[in-house]
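First the structure, in the form of structure tokens, and then the observations on it.
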């Protein structure tokens with residue numbers, strides 16, 4: 001059975017996540033340029049992203065990713081060819097076209113379609129973002145693992161990582177790994193204990 005992994009980024013003590021939907025992504029991500037390089041961590045992230053069978057996203061994230069990565073090469077950004085060469089499923093009732101290669105628009109019921117995708121293979125698929133899709137998957141307990149990257153900065157604003165209604169009942173997690181990088185970035189990897 002295919003595993004669904006949530007990938008998110010945290011950059012402040014009050015556990016907010018990066019939110020580029022308000023058009024200020026340059027300011028919010030600008031601090032990344034000030035972090036020292038961590039070649040081992042970059043290699044690990046590239047391997048993780050490249051290993052995914054597919055990416056699950058909503059319209060807003062799809063449009064943001066397409067505007068940043070579509071048509072770019074590894075010399076532009078190391079993730080660009082990975083995203084281009086991996087299937088992307090966009091859940092949207094409003095998106096009319098998706099011209100980024102290997103993209104499919106899915107207008108079906110999110111829960112039913114994700115359950116189907118999970119049962120159709122082995123390996124893993126990645127969902128990222130903080131929008132309605134992620135929240136629905138949390139509410140229906142469909143996320144199997146959480147990969148949370150914590151950046152060494154305090155911002156004090158942004159979108160909360162989780163809202164009280166997102167989780168519902170108590171859901172225990174098991175720590176798979178905790179990997180501190182040489183630049184202060186820490187990657188936490190949890191599995192949903194069922």
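The values are calculated or read from the model by the stated rules, or taken from the named source; none is laboratory data. Predicted, not measured: the structure shown is a model, and the values here were computed from it. Methodologically, a virtual Cβ is constructed for each residue, glycine included, from the backbone with ideal geometry; neighbour enumeration extends over all protein chains shown.
Of note:
- Options 157, 194, 102; residue that is modelled with pLDDT of 95 or more and either more than 15 Å from the chain's Cα centre (by Cα) or surrounded by 14 or more Cβ atoms within 10 Å (Cβ to Cβ) (or both): 102
- Here residue 51 clears all of (1) buried (at least 16 other Cβ atoms within 10 Å of the Cβ); (2) modelled with pLDDT of 95 or more except the condition numbered (1).
- Residue selection: residue 112 fails the criterion of being in contact with a strand residue (DSSP E or B) (Cβ under 6 Å, 6 or more places away or on another chain), farther than 22 Å from residue 8 by Cα and either exposed (fewer than 15 other Cβ atoms within 10 Å of the Cβ) or at pLDDT below 95 (or both).
- Total residues in region 162-172 satisfying the condition of being touching a helix residue (DSSP H, G or I) at 6+ places or on another chain (Cβ under 8 Å), surrounded by 12 or more Cβ atoms within 10 Å (Cβ to Cβ) and assigned to a loop (DSSP other than H, G, I, E, B): the figure is 1.
- Test result for residue 75, exposed (fewer than 15 other Cβ atoms within 10 Å of the Cβ), over 13 Å from the mean Cα position of the chain (by Cα) and either assigned to a helix (DSSP H, G or I) or at pLDDT below 90 (or both): no
- Region 118-147, residues that are part of a helix (DSSP H, G or I), surrounded by fewer than 17 Cβ atoms within 10 Å (Cβ to Cβ) and touching a strand residue (DSSP E or B) at 6+ places or on another chain (Cβ under 8 Å): 118, 132
- Unique match (being out of contact with any helix residue (DSSP H, G or I) (no Cβ under 9 Å at 6 or more places or on another chain) and on the phi < 0 side of the Ramachandran plot) among 88, 72, 118: 118
- Exactly one residue among 67, 17, 12 is under 29 Å from residue 114 (Cα atoms) and either at pLDDT 95 or above or surrounded by 14 or more Cβ atoms within 10 Å (Cβ to Cβ) (or both), and that residue is 17.
- Test for residue 101: is it part of a helix (DSSP H, G or I) and either touching a helix residue (DSSP H, G or I) at 6+ places or on another chain (Cβ under 6 Å) or under 15 Å from residue 55 (Cβ atoms) (or both): no
- Which numbered condition residue 175 fails, given (1) in a helix (DSSP H, G or I); (2) over 21 Å from residue 57 (Cβ atoms): (1)
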